Amino acid sequence: MNRLTDKVAIVTGGAVGIGWATARLFAEEGATVIVADLAKPDLDAEDPAIAYAELDVTDEHAWTQLVADVLADHGHLDILVNNAGVIDYAGIADVTPHDWERVIGVDQTGVFLGIRAALQPMLAQQSGSIINLSSAWGVVGSDGVAAYQAAKGAVRGLTRNAAISYARSGVRVNTVIPGWVTTPLTNRQPAEKNAEVIALTPLGYGADPRDIAWGCVYLASDESRYVTGSELVIDGGLLAQ
Ligand SMILES: NC(=O)c1ccc[n+]([C@@H]2O[C@H](COP(=O)([O-])OP(=O)(O)OC[C@H]3O[C@@H](n4cnc5c(N)ncnc54)[C@H](O)[C@@H]3O)[C@@H](O)[C@H]2O)c1
């Protein structure tokens, strides 16, 4: 219940799904959490430690403002979870340049802008943990989903780059790689597609968002103080095959 006591965290895309589960667990572990999303989460009195800030992760100036507001309100920023993501199912032959840019904008550039904005206080503090959400589809090929695969692969490279560049500054940067997770994103997918991925998953069922969130708690906490540039795979065995 106190693995993140006194820590201040931003969770992007935290209104629903993996981000919301992460925000809830962070709060349960003692953190003050800012859910930064285009959409507002369903906050209630049970979540006094969770606040909402409107953010489009593709907007550089909005990032600057968000971090300035967090510092003004809390004095420090200890954790950033770059979780916001969108998907497009088209392959290279079919994806429109507009959809390509939209997915790369949120899933790749949004992560870059988030890391850059968080580094400003974290480098000054000489401490911080940044967690970037990739995907099993950022590791292995799949039919279609070209822009998503490209962006999720790039997230892994960005993580390693930031981890190495800022290791001596006390800032740790790691990737989380989920397999199939029950969220609004997968609920919008065709049932056959979901069944196909779950059938390929050795454990035989999809993850609950909290399964991914517990990994984020570990990487956010001081328990992982010696972990940077790593990839935490939480996929029911999917990528072990
Ligand atoms: N669900 C899965 O099976 C799965 C698997 C692997 C990786 N992931 C990754 O995990 C992350 C979360 O996935 P999820 O399934 O919870 O997604 P979701 O679609 O259920 O929720 C995504 C959230 O991101 C927000 N968002 C979208 N664009 C944004 C923007 N421009 N600025 C700010 N917020 C924005 C949405 O409003 C939403 O609240 C994503 O990066 C996703 O790619 C999910």
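The values are calculated or read from the model by the stated rules, or taken from the named source; none is laboratory data. Computed from a predicted structure; not experimentally measured. Virtual Cβ from ideal backbone geometry, glycine too; neighbours counted across all protein chains shown. Keep in mind that these areas ignore ligands, DNA and RNA; they rest on the heavy atoms of the full protein, side chains included. Shrake-Rupley method; radii C 1.70, N 1.55, O 1.52, S 1.80 Å.
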Quiz item: Among Lys40, Lys193, Lys152, whose mean-square fluctuation peaks in a Gaussian network model of the chain (Cα, cutoff 10 Å)?
Solution: Lys193
Quiz item: What is the helix-to-structure angle for 110-125, meaning the angle in degrees between its Cα long axis and the longest Cα principal axis of the chain, kept from 0 to 90 and rounded to the nearest 10?
Solution: 20 degrees
Quiz item: What whole number of Å gives the distance from the Cα centroid of region 73-150 to the Cα centroid of region 212-241?
Solution: 17 Å
Practice problem: Starting from the Cα of Ser165, step 7 Å along the direction of its Cβ; do the same at Leu43; then give the gap between the two resulting points in nm. | Solution: 3.2 nm
Exercise. Treating only the Cβ atoms of Lys and Arg (+1) and Asp and Glu (-1) as charged, compute the dipole magnitude of region 8-235 about its Cα centre; round to the nearest 20 debye.
Key: 740 debye
Self-check item: Å² per residue, accessible surface of region 8-235 at 1.4 Å
Solution: 45 Å²
Self-check item: the chain, relative contact order in percent, only Cα pairs under 8 angstrom and at least six apart counted
Solution: 20 percent
Exercise. Take the solvent-accessible surface of the protein heavy atoms, probe 1.4 Å, and return the percent of it on the chain that carbon and sulfur atoms account for.
Key: 53 percent
